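Just below is one structure, and these are the notes that go with it.
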Amino acid sequence: MSEVLLEIEGLEANAGGKPILRGIDLVLRAGEVHALMGPNGSGKSTLAGALAGRPGVEITAGKVRYRGEDLLALAPEARARRGIFLAFQYPVEIPGVSNNYFLKSALNAVRQHRGEEPLDAMEFLTLVREKAAVVEMPKELLGRSLNEGFSGGEKKRNEVLQMLLLEPTLAVLDETDSGLDIDALRIVARGVNALRSAERAMLVITHYQRLLDHIVPDRVHVLSEGRIVRSGGKELALELEKRGYGWLEKEPPPREAAAR
Amino acid sequence: MSEASDLEKLARREYQYGFVTDIEQEYIPKGLSADTVRLISAKKSEPVWLLEWRLKALARFEEMLAENRVPTWAQITYPSIDYQSMYYYAAPKQKPKLESLDEVDPELLRTYERLGIPLLEQKRLAGVAVDAVFDSVSVATTYKAELEKQGIAFCSFSEAVQRYPELVRKYLGSVVPYSDNFFAALNSAVFSDGSFAYVPKGVRCPMELSTYFRINAQETGQFERTLIVADEGASVSYLEGCTAPQRDENQLHAAVVELVALDDAEIKYSTVQNWYPGDAEGRGGIYNFVTKRGACRGRRSKISWTQVETGSAITWKYPSCILQGDDSVGAFYSVAMTNHRQQADTGTKMIHIGKNTRSTIVSKGISAGRGQQSYRGLVKIGPKAHGARNHSQCDSLLLGDQCGAHTFPYLEVKNPTAIVEHEATTSKIGEDQLFYCQQRGLSQEDAVSMIVNGFCKEVLRELPMEFAVEAQKLLGLSLEGSVG
């Protein structure tokens, strides 16, 4: 079996002072794409925040190991440099800082950690244009202030562009499909699929089955009230689409489908 | 973790210009009196008219002091200053006349080297002509000969008094009279040196002119006087930089800068002010009480002030433009940063007198730690200023919740055809912005520096290229230890 990248064990966490995660167990191996679904307020974004080290998400119990290392002991930037990437549900705007400058600084910070030479302006420009083409990002958006005045779809594409540049080992996509029309969804999915490989894993958080038509997951988990209540193959997502989340409470999970 | 220790190291890094140069100094005895003024004037072999002017200024200052007319309207607090307990003149002891840089005390040159100032000819490529003022006297002016070929005078103020007495007499005090305000009166009485530049008709100054001010001696006030005149159709870009050693007591810096632009002339004046700000607890640091004013006397003349203020315990300055000439243009671009216990009350005055005069104000204030700062700006449109326009934009950025930002805009509009606009915003560096940057691999310090530089971009782009880079670094350094 391939390498275990992420191992979450009994994770409990508060957000905004309230208990949100109530015992998460999850294992991601290299090469796998897992989808995380569940109703609003079930704790999906809190889990993403816990993995990335978001301030305000307070871990109260449990362990997270990333490639054998205690992830929770690391600062957010240390996690990022080790290859953990979070595509934000609500990407922030930073006025006066050009998208290009931001992307280059981030890329070079990560490259430095990997022991690679920083890219100079020309090398960076060549690379960013190549990656921007994958997500059909207009060139002028690269010169504008980071996310300032971007449409919702442009912001999400910018997240995927950053992911393509930084080439993370573990990517967490927090509702990257929300607010996208079908064309934008296809473009975003193309970017994500371009990054799928045997070395990396992805955790795709979404409300909708439609994203999973484009990014086909190996496993689907359903989060409810801070716990994974059901896990299964990609067909689970189709069933959720048809029946909603209500039936899960009535039907106990089959034993073999427990989270692993 | 290595990242954590990096952060600590960054936070501990201190003011890097805080060293003292061990050099023999010559002082005039402490205290302020007519004798002090006469001594300073005599040291500089000044003409009688200038001594008389100084004495009138002293009389005015003493009058204001007796009536306790120290300005108190600014939003700053500091213990009252004992004007008798400081030195008014300190100079590196050396041969009275310097013929070339070789004669400058090597210790002094080493000091400027540590400060990164391009005093030597090798820096010719940088295209910067430098006048360096060490405590009270100007020690070296580079490229003088080259500038003189084009008729440009650029020298220390003392030298200008000897070589260009008519120009000095004509323009000194013509923009900031000695009676203008408390600190201007003090400066006029005891100013010891400064820079002088005159660009003749139709000449565009081919390089940046720059003055570097350094306070070295203890218990010494620095009172420099700068006068820049751009004759008809002339243009000049001038930059000043400042540093001082780290000391526990406060030191006073009360400078006056006067600019005069005649018809179609343009003066661009940039400041990167990094006086010692005091320590984290507010001990020591420079009191930077400065009067800067430019007169757009001629038609279509233009004066712009760009300032990056990161140093000083207290900053009190309002670089202003008097827009007399029709169609003249004034601009003020400012970044002021206060960290720890620094205080700044700064802004500008745009006085519109002529027709179709235009002015722009862009002020960016950044407060961190327990820093307090105020923007204070006056836009005055006189009755004859038909078609005058002003646009002001004042933005404040807060880091943490113990600092403060205040805005005091004053508008006096006496002409109905004028258009005056004012915009103001206050924002906080959000935790979400920082986290976003960190999630992409940037350290928290780098993230803050990036966000702050983005916030200041409109102002930084007004600086000459190489100084913009220096200013960006300075903004990052000044914020060390302000987050987390």
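Conditions first: (1) more than 22 Å from B:Met450 (Cα to Cα); (2) in contact with a strand residue (DSSP E or B) (Cβ under 7 Å, 6 or more places away or on another chain). A:Glu159 passes all but one, so which condition is the exception?
(1)
Restricting the search to the stretch B:257-282, which residues are among the aliphatic types (A, V, I, L, M), surrounded by fewer than 23 Cβ atoms within 10 Å (Cβ to Cβ) and modelled with pLDDT of 95 or more?
The one that is among the aliphatic types (A, V, I, L, M), surrounded by fewer than 23 Cβ atoms within 10 Å (Cβ to Cβ) and modelled with pLDDT of 95 or more: B:Leu262.
Residues of the stretch A:24-41 being among the small types (Gly, Ala, Ser), within 18 Å of A:Val222 (Cβ to Cβ) and touching an Asp or Glu at 6+ places or on another chain (Cβ under 6 Å), which ones? Let's see the steps before the verdict.
At the first step, the residues of the stretch A:24-41 found to be among the small types (Gly, Ala, Ser) are A:30-31, A:35, A:38, A:41.
Keeping just the survivors that are within 18 Å of A:Val222 (Cβ to Cβ) gives A:35, A:38, A:41.
None - no residue of the stretch A:24-41 is among the small types (Gly, Ala, Ser), within 18 Å of A:Val222 (Cβ to Cβ) and touching an Asp or Glu at 6+ places or on another chain (Cβ under 6 Å), so the list stays empty.
Take A:Ala48 and tell me if it is crowded, with 22+ Cβ neighbours inside 10 Å, modelled with pLDDT of 95 or more and within 10 Å of chain B (Cβ to nearest Cβ).
Details: crowded, with 22+ Cβ neighbours inside 10 Å: yes; modelled with pLDDT of 95 or more: yes; within 10 Å of chain B (Cβ to nearest Cβ): no.
Answer is no for this residue.
More than 30 Å from A:His113 (Cα to Cα) and surrounded by 24 or more Cβ atoms within 10 Å (Cβ to Cβ): is that true of B:Ile361 in this structure? Break it down stepwise before answering.
Details: more than 30 Å from A:His113 (Cα to Cα): yes; surrounded by 24 or more Cβ atoms within 10 Å (Cβ to Cβ): yes.
Yes; evaluated as a whole, the condition is true for this residue.
Show me the helices (runs of 4 or more DSSP H) found entirely inside the stretch A:147-217 where at least 1 residues are closer than 16 Å to A:Ala133 by Cβ. Working first, answer last.
Working: elements: A:152-166, A:182-195, A:209-214.
Passing ranges, in order: A:152-166, A:182-195.
Can you go through B:Ser374, B:Ser304 and tell me which one is modelled with pLDDT of 90 or more, assigned to a strand (DSSP E or B) and not basic (Lys, Arg)? It would help to see each step written out before you state the result.
Working: B:Ser374 fails: modelled with pLDDT of 90 or more.
After ruling out the rest, the residue left standing is B:Ser304.
State the number of residues belonging to the stretch A:73-89 that are part of a loop (DSSP other than H, G, I, E, B) and either basic (Lys, Arg) or touching a residue at least 24 places away in the same chain (Cβ under 8 Å) (or both). Working first, answer last.
Within the stretch A:73-89, the first condition is being part of a loop (DSSP other than H, G, I, E, B), and the residues that meet it are A:74-75, A:82-83, A:88-89.
Then drop every residue that is not either basic (Lys, Arg) or touching a residue at least 24 places away in the same chain (Cβ under 8 Å) (or both), which leaves A:82-83, A:88-89.
The qualifying residues number 4.
Here is a list of conditions, (1) surrounded by 24 or more Cβ atoms within 10 Å (Cβ to Cβ); (2) in a strand (DSSP E or B); (3) over 22 Å from the mean Cα position of the chain (by Cα), and B:Gly325 meets all of them except one; can you say which number that is?
(2)
Within the stretch A:95-124, restricting attention to residues that are part of a helix (DSSP H, G or I) and polar (S, T, N, Q), which residue is nearest to the other protein chains (Cβ to nearest Cβ)? Break it down stepwise before answering.
Keep residues of the stretch A:95-124 that are part of a helix (DSSP H, G or I), which gives A:99-113, A:121-124.
Okay, now just the ones that are also polar (S, T, N, Q), so A:99-100, A:105, A:108, A:112.
Details: A:Asn99: 11, A:Asn100: 13, A:Ser105: 6, A:Asn108: 9, A:Gln112: 9 Å.
By that ranking, first place goes to A:Ser105.
Check the stretch A:237-259 and report whether any residue there is on the phi > 0 side of the Ramachandran plot and modelled with pLDDT of 85 or more. Steps first, please.
Initial filter on the stretch A:237-259 (on the phi > 0 side of the Ramachandran plot): A:244.
Add one more test, that the residue is modelled with pLDDT of 85 or more, and what stays is none.
The answer is no; no qualifying residue exists.
Could you please tell me which pairs satisfy a Cβ distance under 6 Å, a separation of 6+ or placement on different chains, a first residue in the stretch B:248-270 that is under 22 Å from B:Ala468 (Cα atoms), and a second residue that is surrounded by fewer than 21 Cβ atoms within 10 Å (Cβ to Cβ)?
Going by the 6 Å Cβ cut-off, the qualifying pairs are B:Glu266/B:Ser235; B:Lys268/B:Ser237.
Which residues, counting only those in the stretch B:419-445, are within 12 Å of chain A (Cβ to nearest Cβ) and surrounded by fewer than 18 Cβ atoms within 10 Å (Cβ to Cβ)?
Narrowing the stretch B:419-445 to residues within 12 Å of chain A (Cβ to nearest Cβ): B:425, B:427, B:429-445.
Answer for the stretch B:419-445, where residues must be within 12 Å of chain A (Cβ to nearest Cβ) and surrounded by fewer than 18 Cβ atoms within 10 Å (Cβ to Cβ): B:Thr425, B:Ser427, B:Gly430, B:Glu431, B:Asp432.
Go through A:Leu146, A:Leu141 for me and flag whichever is of a type in the set (A, V, I, L, M, F, W, C), touching a residue at least 24 places away in the same chain (Cβ under 8 Å) and in contact with a strand residue (DSSP E or B) (Cβ under 8 Å, 6 or more places away or on another chain). Lay out the reasoning, then the answer.
Values: A:Leu141 fails: in contact with a strand residue (DSSP E or B) (Cβ under 8 Å, 6 or more places away or on another chain).
Criteria check complete, one pass: A:Leu146.
When the residues of the stretch A:70-94 are filtered to those that are facing chain B (nearest Cβ under 7 Å), under 16 Å from the mean Cα position of the chain (by Cα) and more than 19 Å from A:Arg144 (Cβ to Cβ), which remaining residue is surrounded by the most Cβ atoms within 10 Å (Cβ to Cβ)?
Ranking the qualifying residues of the stretch A:70-94, first place goes to A:Leu86.
State yes or no: is B:Gly377 within 18 Å of B:Trp73 (Cβ to Cβ), touching a residue at least 12 places away in the same chain (Cβ under 8 Å), out of contact with any Asp or Glu (no Cβ under 8 Å at 6 or more places or on another chain) and surrounded by 22 or more Cβ atoms within 10 Å (Cβ to Cβ)?
Here the answer is yes, as B:Gly377 does meet what is asked.
Out of the residues in the stretch A:125-146 that are within 14 Å of chain B (Cβ to nearest Cβ) and outside any helix (DSSP H, G or I), which is farthest from A:Phe88 (Cα to Cα)?
Among residues in the stretch A:125-146 that are within 14 Å of chain B (Cβ to nearest Cβ) and outside any helix (DSSP H, G or I), the one farthest from A:Phe88 (Cα to Cα) is A:Arg144.
Determine if the stretch B:131-147 includes at least one residue that is closer than 26 Å to B:Ile322 by Cα and modelled with pLDDT of 70 or more. Write out each step before concluding.
Let us first name the residues in the stretch B:131-147 that are closer than 26 Å to B:Ile322 by Cα, namely none.
Checked the stretch B:131-147: no residue is closer than 26 Å to B:Ile322 by Cα and modelled with pLDDT of 70 or more.
Could you tell me whether B:Ala234 is over 17 Å from the mean Cα position of the chain (by Cα), buried (at least 23 other Cβ atoms within 10 Å of the Cβ) and either more than 13 Å from B:Ala295 (Cα to Cα) or modelled with pLDDT under 80 (or both)? Reasoning before the result, please.
Details: over 17 Å from the mean Cα position of the chain (by Cα): yes; buried (at least 23 other Cβ atoms within 10 Å of the Cβ): yes; either more than 13 Å from B:Ala295 (Cα to Cα) or modelled with pLDDT under 80 (or both): yes.
Yes, satisfied.
If you go through the stretch B:395-408 one residue at a time, do you hit one that is within 14 Å of chain A (Cβ to nearest Cβ), farther than 30 Å from A:Leu51 by Cα, touching a residue at least 60 places away in the same chain (Cβ under 8 Å) and in a strand (DSSP E or B)?
yes
Among the residues of the stretch A:95-117, write down those that are surrounded by fewer than 20 Cβ atoms within 10 Å (Cβ to Cβ) and basic (Lys, Arg).
Residues satisfying the conditions are A:Arg111, A:Arg114.
Going by the conditions given, is B:Gly454 out of contact with any helix residue (DSSP H, G or I) (no Cβ under 7 Å at 6 or more places or on another chain), within 14 Å of another protein chain (Cβ to nearest Cβ) and not in a strand (DSSP E or B)? Steps first, please.
Working: out of contact with any helix residue (DSSP H, G or I) (no Cβ under 7 Å at 6 or more places or on another chain): yes; within 14 Å of another protein chain (Cβ to nearest Cβ): yes; not in a strand (DSSP E or B): yes.
So B:Gly454 fits the description; yes.
Of all residues in the stretch A:144-195, how many are crowded, with 23+ Cβ neighbours inside 10 Å and hydroxyl-bearing (Ser, Thr, Tyr)?
Adding up the residues that qualify gives 1.
The values are calculated or read from the model by the stated rules, or taken from the named source; none is laboratory data. This is a predicted model, so every value here is computed, not measured. Neighbour counts are summed over all protein chains in view; Cβ atoms, including those assigned to glycine, are modelled from backbone coordinates with ideal geometry.
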